[in-house]
Structures are given as structure tokens and as C-alpha cells.
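To start, the structure under review is shown below, and the notes come after it.
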Amino acid sequence: MTHDISLTEQARDVLITNDRGSYTVPTAGLYPYQWNWDSAVAALGFAQFDVERAWVELETLFQGQWADGMVPHILFHKNDPGYFPGPEVWGCEGPISSSGIIQPPIAATMAHLVWQRDPEMGRPRMAALYPKMVKWHSWIMRWRLHRGAVCTTHPWETGRDNAPDWDKTMARMDASDVGEYTRRDTSHVNAEDRPTKYDYDRYITLVQLGRRLNWDQAAMLAQSPFRVADPTMTFTTLRAARDLVKMGAALGEDTQTLEADVARLEAGAATLWNEELGGFDSRDVHSGEWAGCLSNASYLCWFAGVENRAMLTKLRSIMERVAYPVPSNDPDAETFDARRYWRGPTWAIVNMLIGLGLADMGHEEEATDLAKKTAHLIKEHGFAEYFDPATGSAAGGGSFTWTAAVWLAWAGKV
Ligand code: GLC
């Protein structure tokens, strides 16, 4: 990194370089399309210096919304053979070529924050976006709930691709019919930092199943072996519902249904409490089994407006024990792997969500501490995709959109 331009300018440059006009790619090469939750974070980043561009980002994302309300995890705006699995593997027919699954629905929360940057200018933009966001939210409530917790139907939906949360469920899956395919991720970045072939076979098997079932949610609900209620989906959906209530009220909309959703999701979040683990955990809906994983998503409770003293104690301890918190897996767990993606590394995006939640719930000290530690990490190691929690060293792709956006909107402000 050069020392003559400020980090803020560098962060803007990352966003501008990854800007493809009306949407932003997470990073050139490795991720050449529009990813759902990356894009929502990009919008918040843009909102720090170009509010107009921030709205465009969100509007483009919702242009990809399917007729039933679903907003896909990837929009394949322009075909790029450097990425696998591309549109021909997914076989989806939305208004924009896309994948057939979702990602954590943080768009509503990010849109709320973008709106606050310039309420007057944003009002007509929000008025147009709001019904689309409510429609996506209703889709999630209709298709993804189990005892009020939100389920994922593919590890990629949670955004935490190879987290140990899915190990037991994946072990029960048969991926022997997956056939031949060529991964592209490992030609862009170090294979040691990426999910294994064992995992990848299962990811692709689930895509093939969805395609065979024509991405019909009722059929997938009946037939998919992968259905896990998880903290990422549950906490982000609960937070989205709360933000939709606030935005709806400001727009003069009736928010009764959304308020009922908040109560249902709160009850659902409580079903993720694993007493033995002493933390929020993932549970397999088919087997009823706990994953037994304390991940960075476990700490998203405050983001969802859920207070928990035991989690606060755990957070304080992890902040002391780990040089660059919050690791995506418990450092004491057997599955911990400091460099392999979501099995150990620290992700600035999740830190920001945790930090925003802590601040909202009055835990200012912890929120500031986490923001400072994240700022230090980015200052030392750049806008990497993710980081080794012990050494801070950069891993995965570089010049990453959401890490730059996190700097602009949160970490760089302390
Ligand atoms: C990986 C991450 C996911 C992210 C995507 C694009 O799949 O696990 O969270 O959205 O890359 O950055």
C-alpha cells in the first residue's frame, strides 16, 4: 500500500475500480458479477461519498428480483467464463440471468442507512424500493421458516460457504453423481485458502438438484437434503424486518404484518440457542441435530436487536484472546483453520454488522473496540477479502469491495 494517499481515498478507488456502471463486483477476476449482500454493503460504502450511486446499486440488485419476490444471490449481468458455476449451470430464468438461491437479506438494513445519509433526496427512491424489499421479505417468511428461525437451503446462501456449521449435514449427502467440472476459484487465488473439493462436490450437487426441480421452492422443501436453520439468515432477516417496519412507518405504510414477523422471528432466534454450547448455533432441520459451532454469525444477535449477556461475555473474551477478532470459527474448535475461508478467518463485513448491532444495543465500548481493531487490520493488511485472525495477514482476493466499504462506512470513522 502506498503512503501518500489516504486510506479513505484508496477505499473509494477500490469501489470505483470495481464499479461496472450500475452494479459493483466484489473483486475483479475471482467474483466478476453482482453478489447480493456484497452489493448491499457496496451501497453503504458509496453512500459515504456518492449517495446517488448508492441508490443505483440497490436498484440494480432489485431489478433482478424474480416474479415470486426472490432476490438472487448472484446476478450474471455479463457472461464471464472465468467464473464457475455460471448461468449455464444454474439454469434460472429471472429478469436478469441469475443463481437460484438467496444471500443474507441485509439490503433493507443497508438501504435504511443509505436513506439516512440524505433523507429528502432518498425519499422517492425509497418509496419505489420499499415494496420490492417487502416482497422479498415475505418470500423468505413464506419459504424459509422453521419454528420461526430462517433456514438456508445451500451453504452459499448464508454467505459463509464452508463454515463448519454445515459439516454434519454435508456428510450425510451423497455427491457421487456430481460429474466432472472445473473450478475457477482456485485459479485466481491460493487453493489452501479455499473450500475443499469434498465441499465443492456437495455445493454443485445442490445446485444440480435445484435446477432439476426447476427452482420450485415447494419441491425443494420436500426433497432437498440440505435445510439448516442458521444465525446468519435468522439474525439478518429479523433485523431487516425491524428496519422495514421503521421505513414503512416513515413512508406512511401499514406495518402490521411486518410487526408480526418481528415477533415470529424473535421466537425463531430463541430456537437457535444451544445451551450446551452456550451460544447461538445452527441446527439441521431434518435431523434436529445441533452443529455445535460458535461462529462470527453467533455474534450477530445484537444486530438483530436480541440481547444476550452470555454472548457478550464470550465476545469480550474472544476480543482479548484473538489478535484480530472476530474469527469466523471458535479458535478452540477442532475444525478451526486460520486461513480457510469461513473456518477461522476474520471478515471485516461481519465485524461491521456485529459492531453496528453492539452500538445499537448500547454496548458502545465493545463496538468502538471492534471498529478500532478492524481499522488496524485494514491499515496493516489492506482491503483483503478476509484475514488470518492470529497474524492479520491478508487472504483470498485483494482490492475487495466490501472491505473498502466497511472502511468508508464504519471502521475508518473511529
Ligand atoms: C464468497 C463468500 C460470500 C460472498 C462472495 C462474494 O462466496 O463466502 O459471502 O458474498 O464470496 O464476495
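Just need a number here: residues in the range 311-365 that are surrounded by 16 or more Cβ atoms within 10 Å (Cβ to Cβ), more than 24 Å from GLU275 (Cα to Cα) and among the charged types (D, E, K, R).
Looking only at that region, the number is 3.
Identify the single condition in (1) away from the ligand (no atom under 16 Å from the Cβ); (2) closer than 20 Å to GLU88 by Cα; (3) aromatic (Phe, Trp, Tyr) that TYR198 does not satisfy, given that it satisfies every other one.
Every condition holds for TYR198 apart from (2).
Of all residues in the range 340-397, count the ones that are within 24 Å of ARG309 (Cβ to Cβ), within 13 Å of the ligand (Cβ to nearest atom) and part of a loop (DSSP other than H, G, I, E, B).
So the count comes out to 0.
Take ARG316 and tell me if it is in contact (Cβ under 8 Å) with a residue 24 or more places away in the chain and of a type in the set (Lys, Arg).
So ARG316 fits the description; yes.
Given the condition basic (Lys, Arg) and within 30 Å of PRO155 (Cβ to Cβ), answer yes or no: does some residue in the range 225-233 qualify?
Yes, the range 225-233 has at least one match.
In this structure, does THR271 turn out to be surrounded by fewer than 20 Cβ atoms within 10 Å (Cβ to Cβ), within 22 Å of MET361 (Cβ to Cβ) and touching a strand residue (DSSP E or B) at 6+ places or on another chain (Cβ under 7 Å)?
When the stated conditions are applied, THR271 passes them.
Residues being open to solvent by 60 Å² or more (accessible area, probe 1.4 Å) and more than 22 Å from the chain's Cα centre (by Cα): count how many of those fall in the range 154-189.
Number satisfying all stated conditions: 8.
Scan GLU93, GLU88, GLU59 and give me the residue that is under 20 Å from MET121 (Cβ atoms) and over 18 Å from the mean Cα position of the chain (by Cα).
That would be GLU59, the only listed residue that is under 20 Å from MET121 (Cβ atoms) and over 18 Å from the mean Cα position of the chain (by Cα).
Got a sec? Which of PHE235, PHE226 is buried (at least 19 other Cβ atoms within 10 Å of the Cβ) and part of a loop (DSSP other than H, G, I, E, B)?
The match here is PHE226.
Please go through the range 28-37 and give me each residue that is of a type outside the set (Phe, Trp, Tyr) and either open to solvent by 10 Å² or more (accessible area, probe 1.4 Å) or part of a loop (DSSP other than H, G, I, E, B) (or both), ordered by number.
ALA28, GLY29, LEU30, PRO32
Quick check: is even one residue across the range 89-112 out of contact with any Pro (no Cβ under 7 Å at 6 or more places or on another chain), at pLDDT below 95 and not polar (S, T, N, Q)?
Yes, the conditions are met somewhere in the range 89-112.
I'd like to know if the range 78-90 contains one or more residues that are touching a residue at least 60 places away in the same chain (Cβ under 8 Å), out of contact with any His (no Cβ under 6 Å at 6 or more places or on another chain) and part of a helix (DSSP H, G or I).
Yes, because at least one residue in the range 78-90 is touching a residue at least 60 places away in the same chain (Cβ under 8 Å), out of contact with any His (no Cβ under 6 Å at 6 or more places or on another chain) and part of a helix (DSSP H, G or I).
The values are calculated or read from the model by the stated rules, or taken from the named source; none is laboratory data. Predicted model only: the values in this text are computed from it and were never measured. Glycine gets a Cβ as well: all are built from the backbone with ideal geometry, and neighbour counts include every protein chain shown. Areas reflect the complete protein model, heavy atoms only, side chains present, ligands, DNA and RNA absent. Shrake-Rupley method; radii C 1.70, N 1.55, O 1.52, S 1.80 Å.
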